[in-house]
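Trainee: Quick one: the structure is below, and I'll ask about it shortly.
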Amino acid sequence: MTRSKTDTNRKRLNNPEFTESRYEELLAYAAVKYCFNGSEIDGSEPSVCWRHDVDYSPHRALAFARIENEQRLRCVYHLLVSSRYYNLLEPEIADI
């Protein structure tokens, strides 16, 4: 990748508008350099533990997980057992 193309990609990815399409681009950009192996990093190749702390919205986390799955990336999700924003025992949340 040329320097100017790298700079253009970096500027595009640093855009403050964080949408699902921007997230797809960010993942694709990172996947060029790194393997997404969930939490199983053995050091044999450049890897990343792409981790999500789900503080507010399991529904948004599910949307991200679907995007990651489409790109065949393994990522890690941490859900709060006690949250003011969601309850893991509610059927709608438990089904996620």
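Trainee: Is it the case that some residue within the stretch 29-40 is in a helix (DSSP H, G or I), β-branched (V, I, T) and either in contact with a Lys or Arg (Cβ under 7 Å, 6 or more places away or on another chain) or loosely packed, with under 12 Cβ neighbours inside 10 Å (or both)?
Mentor: Here is the first cut: in the stretch 29-40, the residues in a helix (DSSP H, G or I) are 29-33.
Next, only the ones that are β-branched (V, I, T) stay: 32.
Retained after the next criterion (residues that are either in contact with a Lys or Arg (Cβ under 7 Å, 6 or more places away or on another chain) or loosely packed, with under 12 Cβ neighbours inside 10 Å (or both)): 32.
Yes; the residues of the stretch 29-40 include at least one that is in a helix (DSSP H, G or I), β-branched (V, I, T) and either in contact with a Lys or Arg (Cβ under 7 Å, 6 or more places away or on another chain) or loosely packed, with under 12 Cβ neighbours inside 10 Å (or both).
Trainee: With the condition kept exactly as written, say whether any residue in the stretch 79-93 is under 25 Å from Y29 (Cβ atoms) and loosely packed, with under 15 Cβ neighbours inside 10 Å.
Mentor: No, the conditions are met nowhere in the stretch 79-93.
Trainee: Next up: Under 6 Å between Cβ atoms, at least 6 apart or on separate chains: pull out the pairs that start in the stretch 62-88 with a residue that is more than 20 Å from E20 (Cβ to Cβ) and end on any residue that is of a type in the set (D, E).
Mentor: So the pair list comes out as H78/D53.
Trainee: Run down E70, E45 and say which single residue is open to solvent by 30 Å² or more (accessible area, probe 1.4 Å) and at pLDDT 95 or above.
Mentor: Working: E45 fails: at pLDDT 95 or above.
Being open to solvent by 30 Å² or more (accessible area, probe 1.4 Å) and at pLDDT 95 or above holds for just one of E70, E45, which is E70.
The values are calculated or read from the model by the stated rules, or taken from the named source; none is laboratory data. Predicted model only: the values in this text are computed from it and were never measured. As a convention, Cβ positions derive from the backbone with ideal geometry for all residues, glycine included, and neighbour counts pool all protein chains shown. Areas reflect the complete protein model, heavy atoms only, side chains present, ligands, DNA and RNA absent. Shrake-Rupley method; radii C 1.70, N 1.55, O 1.52, S 1.80 Å.
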